[in-house]
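The values are calculated or read from the model by the stated rules, or taken from the named source; none is laboratory data. Since the model is a prediction, treat every value here as computed from it, not as a measurement. Neighbour counts run over all protein chains shown; Cβ positions are idealised from the backbone, glycine included. Note: areas computed on protein heavy atoms with side chains; ligands, DNA, RNA excluded. Shrake-Rupley method; radii C 1.70, N 1.55, O 1.52, S 1.80 Å.
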Amino acid sequence: MTEPEGSRARRDPDALLARAGVRGDRNQDQHFLVDDRVLDRLPEYATAFDTSHVLEVGAGTGGLTDRLLADAERVTAVERDVRLVEFLREEFAGAVDAGRLDVVAGDALDVDLPEFSASVSNLPYGSSSELLFRLLPRERPLVVMVQAEFAERMVADPGSSEYGRLSVTAGHYADAEIVERVPREAFSPPPAVESAVVRTTPRDPDYDVPEDAFFAFVRGVFTQRRKTMRNAIRNTTHITGIADAAAVVAAADEDLLASRAGELRPQEFAALTTLAIEDGGLAV
Ligand SMILES: C[S@@+](CC[C@H](N)C(=O)[O-])C[C@H]1O[C@@H](n2cnc3c(N)ncnc32)[C@H](O)[C@@H]1O
């Protein structure tokens, strides 16, 4: 009989790599976590959350999957590399047969995602941004390993050089914090740069705005982050979808118009988006 995952010693990540018979391919964003202490800590960052169904994006050789199965009732692990999908299904056959693990083969940007209660993932760095734009709107807690510089952009405050569209998006959906920095040596092969673990806790924003219009506005004006908002609004109608930029500029607060996108708080973008809808013909 297969031992229940919760009661067994954790799998050695080097042994998993050896059994899988693969080497991480940098071109496929394959940097496997081989530091036991980091692997053990990742699920601990999610202990305050509902872990009845944990989503793991990019399961690799299963070092993290193994730790997640120890705590979670169910895990869905998405993996794009078919060799690794086959390996995971064999290595974790007991959990698969028990209905506790579903290994989904495919690109996490395209596959149908389940109704997960939280996600704990060592994300493929090349797709971190698109993956977060997919995961954050699901309004579930996330514990994600990303490049350190990316993590800093996620948690950045207005006025800092790291503040941008990613910070506004993360801040719209959640409180985001860096909980750990992880050196390159924790991975095989080591990535080019340091990594960090970010935890996001979902909450409602303290403003009310139609989301599609808000994100179209934010996406547009950040393409002109060196310009004042007055010029950014005028120059980006092809991205924002504003029909009458002059009307928005005429109605907007002078201080906001003289600022740059990197200085505005999410609620100020929301106020300008509302003007763009009411006066500038921005569709919702
Ligand atoms: C950084 S590795 C993490 C592996 C494992 N979770 C670990 O911590 O050791 C990222 C994994 O995501 C897979 N991957 C890359 N892009 C992907 C995508 N778009 N969708 C699903 N998996 C992807 C890679 O094959 C790789 O196994």
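Rolling a 1.4 Å probe over the protein heavy atoms leaves I242 with an accessible area of roughly 10 Å². With a simple spin-label model that places each label point 7 Å from the Cα along the Cα-to-Cβ direction, the separation between R8 and D212 comes to 4.8 nm.
Here the extension length gained between R226 and A18 equals 69.9 nm, from 0.36 nm per residue of separation less the Cα-Cα distance. Among residues other than R41 with Cβ under 10 Å from its Cβ, the summed charge is -3 (Lys and Arg +1, Asp and Glu -1).
Using θ = phi - 60° in the Karplus curve 6.51 cos²θ - 1.76 cosθ + 1.60, the 3J(HN,Hα) couplings for the stretch 264-275 round to 8, 7, x, 5, 6, 4, 5, 5, 5, 4, 4, 4 Hz; x is entered for Gly and Pro.
Rounded to the nearest 0.05, what FRET efficiency do R203 and E90 give with R0 = 51 Å and r taken as the Cβ-Cβ distance? Could you check? It comes out at approximately 0.80.
Geometric descriptor of the stretch 13-202, per residue, is 104 Å³ (volume of the convex hull of the Cα atoms). Over all distinct Cα-Cα pairs of the stretch 177-269, the Kirkwood formula returns a hydrodynamic radius of 15.8 Å. Label zone (D107, point 7 Å along Cα-to-C-beta; backbone nitrogen cut-off 11 Å) within the stretch 116-145: none. Annotation: the antiparallel percentage among DSSP beta bridges lying fully within the stretch 13-202 is about 50.
Can you tell me the FRET efficiency between R219 and Q28 if r is taken as the Cβ-Cβ distance and R0 is 41 Å, rounded to the nearest 0.05?
Details: r = 28 Å, r/R0 = 0.68.
Once rounded, the FRET efficiency stands at 0.90.
Ignoring the sites themselves, the chain has its longest run without GluC sites (Glu not before Pro) in a DSSP loop having at most 16 other Cβ atoms within 10 Å at 195-284. Here D50 and D255 are evaluated by their C-beta separation; at R0 = 45 Å the FRET efficiency comes out at 0.60. With contacts taken as Cα pairs under 8 Å at a separation of at least 6 residues, the chain carries a relative contact order of 15 percent.
Other residues lying with their Cβ under 11 Å from the Cβ of D29 contribute a combined charge of 0, Lys and Arg counting +1, Asp and Glu -1.
Length available on full extension from R37 to V82: 0.36 nm per residue minus the Cα-Cα distance, which gives 13.4 nm.
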